[in-house]
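First comes the structure, then the notes that go with it.
The values are calculated or read from the model by the stated rules, or taken from the named source; none is laboratory data. Not measured: the values here are computed from a predicted model. FYI the Cβ positions are ideal-geometry reconstructions off the backbone, even for glycines, and counts take in every protein chain you see. To get the accessible areas, we keep the full protein, side chains included, count just its heavy atoms, and leave off ligands, DNA and RNA. Shrake-Rupley method; radii C 1.70, N 1.55, O 1.52, S 1.80 Å.
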Amino acid sequence: MSDDTSLQIPFPHRRNSHGPYATALHRDWLTRHPLLADPSHPAYAHWEVVELAALGYPDAGPDELALAADLMGFYFLFDDQFDGPLGRRPAEVAPICERLIAVLHGAHPDPGSPAETAFADLWARSVRGMPARWQSRAAYNWEWYLASHPAEAAGRISKRPPDREGYLVLRRGTAAMETIFDMVERLGRFEVPAAVLHHPVLRQLRQLAADIPSLSNDVRSFPLEAPRGDVNNLVMIVQRERHCSAEEACAVVTAEAQLMVERCQHLYAQLPDVYRELGLARVERIIAQRYADGLLTWLAGYLSWESRTGRYQTA
């Protein structure tokens, strides 16, 4: 299959300068919450988790970047536990996720569960100092992410392969992008006014910025996912729809993602008109623009990281 899977991104990516500091704190965090048997394992280091956080949140302070790195590590390591036999037993996956959802609503984590103690720590650090409205939204988005895993596990054993609509519903949950975008506000210590956060233009921009990484990731992770029976991958769906080769399907998905990038540009250019039409005050415009910039900065940073990380290398 061709390696020409990179998207052309007109948005610049930048790197946070606090990477070494965050790396040390992230290693300590993995020691306190042993999601990995060996926090210094070369394979994990090859994923460049802190690098992803540094590219995704280039303006975060030192401790905020460490929080972002811990979040990235949690997403990967939590998801990966379902790549083996457990990921084909939805009745066992559901209680794991339910316990983490309970932590969102005040339950104490099981001290013997690294996943629960790690998540409780992340949630407590994330909500600290944030307004109640943001906390409610963030809790909902985390619940969406966590509750999507049993459905993903069920899909692996179902005789009904997902169609495009079902794929999007589930992928938007398991990708966790809404929680990642909530952190644009948290790490920047601001909250987007509700009128602009839910405006159709910004909502479309946010959805595209969330979907593009999923499509790109589906192409890059296809050689890993296909052999282990994962079905929630758009490349596989396009193969079935078009009765084509994997390489042709990858090209179709990549082209679709590229069109979405162009749509992002168009929507981004409309934002000044949106601010004016809503009558936003100057400080509200600044906050809204910081958020929009944060979405596209994350997108550019993620795609740069994805093109180099060892996480999706079949070797």
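Brief remarks on what is shown
- If only residues of the stretch 33-50 that are touching a residue at least 40 places away in the same chain (Cβ under 8 Å) and on the phi < 0 side of the Ramachandran plot are counted, the one that is surrounded by the most Cβ atoms within 10 Å (Cβ to Cβ) is 33.
- Only listed residue being farther than 17 Å from residue 182 by Cβ, open to solvent by 20 Å² or more (accessible area, probe 1.4 Å), among the small types (Gly, Ala, Ser) and at pLDDT 95 or above, chosen from 132, 107, 118, 124: 107
- Residue check for residue 122: farther than 24 Å from residue 154 by Cα, within 16 Å of the chain's Cα centre (by Cα) and in contact (Cβ under 8 Å) with a residue 40 or more places away in the chain: yes
- Test result for residue 83, open to solvent by 20 Å² or more (accessible area, probe 1.4 Å) and without any contact (Cβ under 8 Å) to a residue 12 or more places away in the chain: no
- Residue within the stretch 18-28 that is of a type in the set (D, E, K, R) and open to solvent by less than 70 Å² (accessible area, probe 1.4 Å) present: no
Results for (1) under 30 Å from residue 16 (Cα atoms); (2) modelled with pLDDT of 95 or more, shown as yes or no for each residue.
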position	(1), (2)
59	yes, yes
63	yes, yes
68	yes, yes
72	yes, yes
77	yes, yes
84	no, no
93	no, yes
99	no, yes
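- Odd one out for residue 299, checked against (1) surrounded by fewer than 21 Cβ atoms within 10 Å (Cβ to Cβ); (2) aliphatic (A, V, I, L, M); (3) within 15 Å of residue 210 (Cα to Cα): (1)
- Residue ranges of helices (runs of 4 or more DSSP H) in the stretch 136-208 with at least 2 members closer than 26 Å to residue 116 by Cβ: 164-174, 177-188
- Test for residue 218: is it surrounded by 18 or more Cβ atoms within 10 Å (Cβ to Cβ), in contact (Cβ under 8 Å) with a residue 12 or more places away in the chain and in contact with a Cys (Cβ under 9 Å, 6 or more places away or on another chain): yes
- Residue pairs whose Cβ atoms lie under 6 Å apart, sitting 6 or more positions apart in sequence or on different chains, and linking a residue in the stretch 91-107 that is without any contact (Cβ under 8 Å) to a residue 60 or more places away in the chain to a partner that is not in a helix (DSSP H, G or I), are 103/109.
- Among (1) in contact with a helix residue (DSSP H, G or I) (Cβ under 9 Å, 6 or more places away or on another chain); (2) in contact (Cβ under 8 Å) with a residue 12 or more places away in the chain; (3) open to solvent by 20 Å² or more (accessible area, probe 1.4 Å), the one test that residue 66 misses: (3)
- Out of 303, 271, sole residue that is in a helix (DSSP H, G or I) and more than 27 Å from residue 221 (Cβ to Cβ): 271
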